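Take a look at the structure below.
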Amino acid sequence: MLMFALTVLIAHSLQKSIHDNNGVSFDGERQKLGIYAIGQFERFEEYEWERISHDNTYQRWKAILGNTELANEYHYYYTESKDSPYHESKRIVYGTQLFFWENYQSAELDMFIKPIDSLRQIELEVIYISNEMEPGGKFYAYIDTIVDFVTIDENAPELFFCGTGDDEHIERGDITKEEADAVLKNWGLLK
């Protein structure tokens, strides 16, 4: 029983420490892999085991003790700009479980924004699926123009995907990592 309790404590600690191995200090390795760095961020949020069924402790511990794979996420938010392109956020997702030696980083999702005017912006999302999920790692990218408008209830804005692509003449939808890099270079966000 003591050994099991010790395993739970170690697993709980390591589900938090997996981020340390893949945080800002991992940026050099990210660049080698072609993944965008975390760099300087404005705000950070973490979503760990405590947020899973936070209102139902029994359900949370049932999942943890059953060695269910639980997703942890770390979100980095950057300074917004109303008139120039910016890196809006980076989300890193981890698979964690009681058998902590099976923990892994599953993906990194980067969102870039280019404001067009007060109602429209171009969004470019680049997703990296790690080697632990797919050997060799995989990139997926998607671009679209978003129009922000207000419904009849003025307190509930909705997003409308207008599907016009962007001003770099790339059609909306799935694009390659190379096309995403070209867009970011054009926006002045990538060297």
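Just so it is clear, none of the values below were taken in a lab; they were calculated from the coordinates. Being a predicted model, the structure only gives us computed values, none of them experimental. Please note: Cβ atoms are built from the backbone with ideal geometry, for glycine as well, and neighbour counts cover all protein chains shown.
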Quote to one decimal, in nm, the extra length available between Phe99 and Glu179 on full extension: 0.36 nm per residue of separation minus the C-alpha distance between them. 24.9 nm
Gained length - Asp117 relative to Thr68, 0.36 nm times residue gap less alpha-carbon distance: 13.1 nm
Region 72-122: radius of gyration and largest Cα-Cα distance (Dmax), Å: 15.6, 49
Compute the FRET efficiency between Leu6 and Asn56 as 1/(1 + (r/R0)^6), taking r as their Cβ-Cβ distance and R0 = 22 Å, and round to the nearest 0.05. 0.30
Calculate, in nm to one decimal, what Leu33 and Tyr47 gain on full extension: separation in residues at 0.36 nm each, minus their alpha carbon distance. 2.5 nm
